[in-house]
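Remarks on the structure that follows.
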Amino acid sequence: MKGATDLIDRIIRKYRIECEFTRCYAELTRGGWNISSESRLGWLGPYPFLLGLASAARATGKAEIHERTLVQQVEQVGRLYRITTNRGVFWTSYVIAAGGHRMAETIPLFRKQRSQTVEIYVSSMLASGLSQEDIDQGLPSNLKALAQKYGRFPFAYEYRDNMIFGMVDYQRGAIMFGSRDTVDGTTAEVGLMQQDLFSLFPKFRALFSQRNVTLRLLVEAMPISVPINQMPIVSLAGNVISIQGLGGHGLAIGVLLGKAAAKKILSLSQDDIGGGKTFDDFKAVRHISIPPIQHGHIRRLAAYTGKKLYAYGVI
């Protein structure tokens, strides 16, 4: 992941993207909090970063961005590809498809990929109204020092059947956190999510009840495409590159694979057989397929169970 973070760092510096990028990270392990500063992991504001990328691409004069344009069909016609959308038809020599699990559900060309990922639904919340003094009281001393130094830091704790993640924003007096993936995609388990946060930071339990803390859902049951082996699925068929299954690491690994895909296309256009090594390394990863159960909900449940069995080392 360090290579992806380094790449993001270079992009932000080169194009002067204002997205509150911070290279520090805190992970809870059996031995306590493992803190990394200037590390392979970090945090940024995803939307300012993506808008900055779009602005930089448009500034080259060589990129067109079509928003609210739903791809419905990808077909090869001779040496070109016809892209049918809800806003007309586009023609291209190369295709990079990175639309996640829904892409395989809606575009016939990618239907074979349906058996390789499952949609897990993740929710996140924002707790605001905390003072810096409150955060100082609620955090362990080593995390308190991290917050004071960087102004914000991401945190995570992963165990076999769940992952708690979030970001402490010392400057704004807020904590963003999420957990409790579900398979049905209906509701967020708000009470359990709070309990997860308090399990990491027990002192916040009393502070939340004593202070005027406002809790609100940021995202409820957002679908994330997850392969059972937790590795992104990368494929190449003709001049069509497909990237999906980025899971919860979509931004970092997505930027890395975006560059790898661009290099692969360059090597294909120049008949450079050995080009695109990073892309080829990801493409070589073998993936587990899920039996093609017809009923979507049952299939998701089967895949969700498979994900947990994989986490426990059963498969």
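The values are calculated or read from the model by the stated rules, or taken from the named source; none is laboratory data. The structure presented is a predicted model; accordingly, all values stated were derived computationally and were not measured. A quick note on method: Cβ atoms are made from the backbone with ideal geometry, for glycine too, and the neighbour counts reach across all protein chains shown.
A compact table of results
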{"read-out": "Single residue of region 23-80 satisfying the filter (in contact (Cβ under 8 Å) with a residue 24 or more places away in the chain and of a type in the set (D, E, K, R)) that is farthest from Leu109 (Cα to Cα)", "value": "Glu27"}
{"read-out": "Any hit, region 222-233, residues being aliphatic (A, V, I, L, M), more than 30 Å from Gln195 (Cβ to Cβ), in contact (Cβ under 8 Å) with a residue 40 or more places away in the chain and part of a strand (DSSP E or B)", "value": "yes"}
{"read-out": "Some residue of region 51-66 being part of a helix (DSSP H, G or I) and within 19 Å of Val240 (Cβ to Cβ)", "value": "no"}
{"read-out": "Filter result for Leu217 (among the aliphatic types (A, V, I, L, M), farther than 30 Å from Ala174 by Cα and not in a loop (DSSP other than H, G, I, E, B))", "value": "no"}
{"read-out": "Region 43-62 - residue that is among the aromatic types (Phe, Trp, Tyr) and under 12 Å from Ile8 (Cβ atoms) and, of those, modelled with the highest pLDDT", "value": "Phe49"}
{"read-out": "Subset of region 137-159 [in a helix (DSSP H, G or I) and either of a type in the set (Phe, Trp, Tyr) or in contact with a His (Cβ under 6 Å, 6 or more places away or on another chain) (or both)]", "value": "Tyr150"}
{"read-out": "Residue in region 81-99 that is farthest from Ala262 (Cα to Cα), counting only those that are touching a residue at least 40 places away in the same chain (Cβ under 8 Å) and part of a strand (DSSP E or B)", "value": "Tyr81"}
{"read-out": "Positions within region 169-199 being surrounded by 15 or more Cβ atoms within 10 Å (Cβ to Cβ), among the small types (Gly, Ala, Ser) and at pLDDT 85 or above, in sequence order", "value": "Gly173, Ala174, Gly178"}
{"read-out": "Pick from region 203-242, criterion more than 13 Å from the chain's Cα centre (by Cα) and of a type in the set (Val, Ile, Thr), ranking: surrounded by the fewest Cβ atoms within 10 Å (Cβ to Cβ)", "value": "Thr214"}
{"read-out": "Pairs with Cβ under 6 Å, 6+ apart, first in region 121-146 and within 28 Å of Gly247 (Cβ to Cβ), second surrounded by fewer than 19 Cβ atoms within 10 Å (Cβ to Cβ) and of a type in the set (Asp, Glu)", "value": "Ser123/Glu220"}
{"read-out": "Region 10-29 - residue that is in contact with a Gly (Cβ under 8 Å, 6 or more places away or on another chain) and within 19 Å of Gly258 (Cα to Cα) and, of those, surrounded by the most Cβ atoms within 10 Å (Cβ to Cβ)", "value": "Ile17"}
{"read-out": "Test: residue in region 245-252 that is at pLDDT 90 or above and either within 21 Å of the chain's Cα centre (by Cα) or among the charged types (D, E, K, R) (or both)", "value": "no"}
{"read-out": "Residues that are under 21 Å from the mean Cα position of the chain (by Cα) and either hydrophobic (A, V, I, L, M, F, W, C) or at pLDDT 95 or above (or both), drawn from region 85-122", "value": "Ile96, Ala97, Ala98, Met103, Ala104, Phe110, Val118, Ile120, Val122"}
{"read-out": "Positions within region 142-166 being of a type in the set (A, V, I, L, M, F, W, C), buried (at least 18 other Cβ atoms within 10 Å of the Cβ) and at pLDDT 90 or above, in sequence order", "value": "Leu143, Leu146, Ala147, Phe153, Phe155"}
